[in-house]
Amino acid sequence: MTANSQPRSSTLVVLFLSLGGLAFAVLQSLVAPALPVIGKDLGASTEDISWVLTAYLLAASVLTPILGRLGDMVGKRRVLLVVLVILAAGTLVAALAPSLPVLIAARALQGAAGAILPLSIGIVRDELPREKVGVVVGLLSAIFGIGAGLGIVAAGPIVDHLSWHWLFWLPLVLIAVALAGVAVGVPESPVRTPGRLDWLGALILSVSLVSLLLAISKGRQWGWTDAKTVTLLIVGALALLVFARTELRVAEPLIDMKLMALRGVWTTNLVGLAFGFAMFGTFLLIPTLLELPAATGHGFGKSVSQAGLFLLPTTLMMLVFGPLSGLLERRYGPRLPLLLGSVAVTAAFALPAVIHDHVWHLLVSGVLTGIGIGLAFAAMSNAIIETVPATQTGEATSVNAIVRTVGGSVGSAVVAAVVASDTTPQGIPTDHAFTVGFWVCAAVAALAIAASLALPPARKRAAEAAAHGVDDLPVEPVDLRK
């Protein structure tokens, strides 16, 4: 904690960081339900309009590790201000966009804000007393899940009563307040890692991520055996291997691969991959099932706006259990909330996989999902903080953010393919398709349980962290396995 940080300023720091994170998370999901309306207004085909999501995803995956590393090097607040300015510019251009190419370019600018969470977590670690870090990180992590849920909830009413342009005007207000707040209310941390940015590593990683995510997001449209899809997957995988070898040889890597190999880091990233998959499975399966006509026998005939409201319990649970995760982490370490969250999300999918005849079955699933995401997202960030040095917080948490993004992309593609693979002659997904989709997500979530159990116990984690220069560990928690 810096010398000029006072209790009141700590509260303001958390408030302004939360607003920036909320704006980014809302923008991440707000557009998806409105794509048909936007496409119709701009005269774009279904395939073309999907680039509004793809451009955002690719920009976020490429820029998050670069900006996270820059934050560690030149100052997290300084880079966060630049990111918020870019996000504001992209959102303003999107609100005014007269054509699809302009909107796609604007969404690419918005994707730069994927670094907000890693930078915010780094600022919290540097500026707040250590005993407060776990709870605040829990709140910030929960806000990203809450924002994604609120985006889906709010999209229908905004488009119905205003226009799709307001999907960007409203978040722009939050961004402006967050930008002003960070500029005047967040001090710059002295914790830095001087050096040069590994541009070669950044280029190779960008090629890998763009190739993999483009193949995953477009594979269903192009065909999974299409030459473009297969070529991109091969290029992405090979580039990832080249990146890993390159980073092990350079003096100042973009991502320290030795750090990523720590048990406390790779297990957490595996949980992040599973949760990214499961979270986007929720956002796809449940609204789709709710919006199917009741005449199908398994749909509920809800409108887009009504279906979005069913995600409110999910977002509320995230708000409650995110900070609670921080409290549990302070007492027991990150493994307990990570494990509890993984169990909750697995149960959230197993329930509708067994039975989803009534709306309350989906509501209970949503509540369990919110509990699980709230607990696990916060615990993931805290587990990484307790494993890596403060000078590499942005780098390590950026990787976790990318992993979740990749998981979300894979989850969206796989679940969409499962649902589309079993339809009626009229093209309507069958009840069996949803059952299989829920079971797939439950199986992936179960992998998070195994990864949580593999997280090192408190004493071993502390010894591992100390060996790598972590000097701000909290008081040793009571751990379920010494």
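What the table shows:
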quantity	calculated
Some residue of the stretch 391-403 being open to solvent by 10 Å² or more (accessible area, probe 1.4 Å) and more than 12 Å from the chain's Cα centre (by Cα)	yes
Cβ-Cβ under 6 Å pairs, at least 6 apart or on other chains, the stretch 220-242 side in a helix (DSSP H, G or I), far side surrounded by fewer than 15 Cβ atoms within 10 Å (Cβ to Cβ)	Arg220/Ala417; Gln221/Glu47; Trp222/Lys228
Search result, residues across the stretch 407-435 that are touching a residue at least 60 places away in the same chain (Cβ under 8 Å), open to solvent by 20 Å² or more (accessible area, probe 1.4 Å) and among the small types (Gly, Ala, Ser)	Ser412, Ala416, Ala417, Ala420
Subset of the stretch 1-49 [of a type in the set (Ser, Thr, Tyr), under 30 Å from Ser303 (Cβ atoms) and either modelled with pLDDT of 80 or more or surrounded by fewer than 18 Cβ atoms within 10 Å (Cβ to Cβ) (or both)]	Ser45, Thr46
For Thr267: the one exception among (1) crowded, with 18+ Cβ neighbours inside 10 Å; (2) under 19 Å from Gly437 (Cβ atoms)	(2)
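The values are calculated or read from the model by the stated rules, or taken from the named source; none is laboratory data. Every value quoted in this text rests on a predicted model; they were computed, and no experiment measured them. Note that each Cβ is placed from the backbone with ideal geometry, even for glycine, and that neighbours are counted across all protein chains shown. These accessible areas exclude ligands, DNA and RNA; they are computed on the full protein's heavy atoms, side chains included. Shrake-Rupley method; radii C 1.70, N 1.55, O 1.52, S 1.80 Å.
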